[in-house]
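Only one structure is covered here, and it is reproduced in the block below.
Computed from the coordinates by the stated procedures, all read-outs in this text should not be read as laboratory data. In this text the structure is predicted, and so the values were computed from the model without any measurement. Note: ideal-geometry Cβ built from the backbone for every residue, glycine included; neighbour counts use all protein chains shown.
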Amino acid sequence: MSRNVERVAPFAFGLIALVLWQGAVWVTHTPSYVVPGPVDIARAFWEAQGALGAGLLSTLAVTGAALLSSTVLGVFLAVAMAASPLFRSAVQPWAVVVQVTPVVAIAPLIIIWVGQPFLALVVCAVVVSFFAILSNTAAGLAATPPELMDLFRLNGATRWQVLFQLSLPYALPYFLTGLRLAGTLALVGAVVAEFVAGSGGFASGLAWEIIEASYRLQIPRMFAALLLLGAAGVGIYALLGTLERVVLAWRNGA
Amino acid sequence: MFTLSGIGKQFGNGTKALEGINAEIAPGSFVALLGPSGCGKSTLLRLLAGLDTPSRGEISWGHAGRPAAGEIGYVFQDPTLLPWADAAENVYLPLRLRGVSRAEGMPRVMAALAQVGLDGFEHAKPKALSGGMRMRVSIARALVSEPALLLMDEPFGALDEFTRHKLQDDLLGLWRRTGKTVVFVTHSIYEAAYLANRIMIMTPRPGRIATILTPELPEGAGRRNSAAYHRLVAEITGDFQRIMPA
Ligand SMILES: Nc1ncnc2c1ncn2[C@@H]1O[C@H](COP(=O)(O)OP(=O)(O)OP(=O)(O)O)[C@@H](O)[C@H]1O
Ligand SMILES: [Mg+2]
């Protein structure tokens, strides 16, 4: 009973908020180019569904490609850092530098250097998201119990056996946490890059939908694109959260 | 089996853990390394296993030579099982690492599990096992490659009294059946007195061997209540009163 109530609560709250919002817009006669009501937004969404859908797909494609690349890059760097202290001390500061530099600041450079627009967007999103995977995976690799390392050594295990049969499986939960964080970060990175690219005349993704709607003062459509972006973020987070739960339950199941 | 001559160990940070350890360990003996916390028992055990090297002195291994990979069974203070693998898979690990096929290895895994009284629990994951059962899996993992030398580092330290007594009796039975050489680290006077036929009493850091006792207790059910056992406990207690700084 109480579990069901808890599950329904966010939707009920959202619905009530929507009703109040629409009511307030009606009562105060606020024009839709200032604050559109939910009905206006729904209409805008319906009318522009083709363009918005295409924008969403394009943003998700960038996010997905970036997440994959971040996984490969982050895990590779984490493993290399765990294997070689020299590599770690050489690379770690630079990874932090890349991480703390705001992506808006380097996106124009990346877009000029990379040239190919889709690739440039992916690179920007990777810059934002790979560190979450790198640092979490590295923490997981470092958390491998030293006794098990000793046990592997006593039985003549090779470095690869230690890596694939011990360290990486131990790092899996940490990696999955990093992946979940990286998912939303990659989306943010993709949208920021789209904004930068959009201001340079390259039209792509949900960011472009927002820019274009704002140029034309189509505020309901802008809201529709924004909401879609929010939904995409929640969706990615929920999806990766489910992945994390399922994988860990399957791994640790009694 | 092997001889320790003049073993000393100083760590990189300057900590002197061991100094002037001389001892001879005969094949088939059950040796207890007994000493207060921090006296270097684990350090000595790691030296025997080859997980670390002494900074002074040497370990000579007689004509059988230094045990190869898998010829030493090592039981840690915690069970340290792979949490994602079931009991059988955990016990199979040492064999798998040395390339023993599943077909050849699994019967040995089952035998090792049976030896520690865990038949029927092959497919239980560590989370589904009690602390004592996890320790048994860990012991089975050390036994599966049938090592001639079994090194155990306070394996029963974290268990309750009842489980500990049971596992101690099981270990004694196993040792008598198989004739393995056992080096057993403990900081419990009672445990050392009950199990070992050779007790090395160590001083506080830096660890040296203060005394070596070679007790003979009656075998069988009466052992734990025998007068000889109680006398031995009293004797070791007296030794420690002399060794430990007031
Ligand atoms: N890798 C290491 N580096 C530096 N000092 C160490 C290291 N390992 C152990 N020591 C030190 O060596 C001493 C002996 O440690 P050791 O773990 O062998 O003690 P122990 O007798 O096993 O103690 P306990 O009964 O508490 O397990 C301690 O003072 C410890 O701090
Ligand atoms: Mg110890």
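Structural remarks
- Only helical runs count toward this figure. For chain B, summing -39,500 (n - 2.57) over DSSP H runs of n ≥ 4 and dividing by all residues gives -11500 deg cm²/dmol at 222 nm.
- Shape of chain A, Cα gyration tensor, a/c cut at 1.5: oblate
- Computed from the Cβ-Cβ distance with R0 of 56 Å, the FRET efficiency linking A:ALA80 to B:ALA227 stands at 0.35.
- Distance between modelled label sites at B:ASN22 and A:THR158, nm, 7 Å Cα→Cβ extension: 4.5 nm
- For region B:56-184, the square roots a ≥ b ≥ c of the C-alpha gyration tensor eigenvalues yield an a/c of 1.5 or more together with a/b not exceeding b/c, which makes the shape oblate.
- Principal-axis tilt of helix B:87-97 within chain B, Cα atoms, nearest 10 degrees: 80 degrees
- Around A:TYR170: net Lys/Arg minus Asp/Glu count, Cβ-Cβ under 13 Å: 0
- Förster-model FRET efficiency, 51 Å R0, A:ALA105 and B:ALA68, C-beta, rounded to 0.05: 0.30
- Going from the fewest other Cβ atoms within 10 Å to the most, the residues B:TRP61, A:TRP21 appear in the order B:TRP61, A:TRP21.
- Spatial separation of Cα centroids for region B:160-212 and region A:219-253, in angstrom: 56 Å
- Helix A:117-142 vs. chain A, principal-axis angle (Cα, 0 to 90°, nearest 10): 40 degrees
- When only alpha carbons are used to place a centre, region A:95-159 and region B:89-104 end up 34 Å from one another.
- B:VAL75 long-range amide H proximity, modeled H, under 5 Å: B:LEU151, B:MET152, B:ASP153
- Residues of type lysines that B:LYS41 reaches as a straight line, Cα spacing below 28 Å, ignoring anything fewer than 8 places off in the same chain: B:LYS9, B:LYS16, B:LYS166, B:LYS180
- Summed residue charge, Cβ within 13 Å of B:ARG177's Cβ, Lys/Arg positive, Asp/Glu negative: -2
- Exposed-site-free run, longest, chain B (rule: GluC sites (Glu not before Pro); DSSP loop; at most 13 other C-beta within 10 Å): B:1-215
- Cβ-based exposure ranking for B:VAL116, A:VAL100, in which fewest neighbours within 10 Å come first: A:VAL100, B:VAL116
- Given their separation in residues at 0.36 nm each and the Cα-Cα distance between them, A:ILE112 and A:SER89 gain 5.2 nm when the chain is fully extended.
- Pairwise centroid distance, computed over Cα atoms, of region B:21-41 with region A:20-77, Å: 70 Å
- Relative to the longest principal axis of the Cα atoms of chain A, the long axis of helix A:38-47 lies at roughly 80 degrees.
- Neighbour-count order for A:SER2, A:SER58, B:SER42, A:SER89, fewest beta carbons within 10 angstrom listed first: A:SER2, A:SER89, B:SER42, A:SER58
- Region A:154-254: C-alpha gyration tensor shape, a/c 1.5 cut-off, then a/b vs b/c: oblate
- The length gained by stretching the chain between B:THR53 and B:MET244 to full extension, at 0.36 nm per residue less their Cα-Cα distance, is 66.0 nm.
- Geometric descriptor of chain B, per residue, is 137 Å³ (volume of the convex hull of the Cα atoms).
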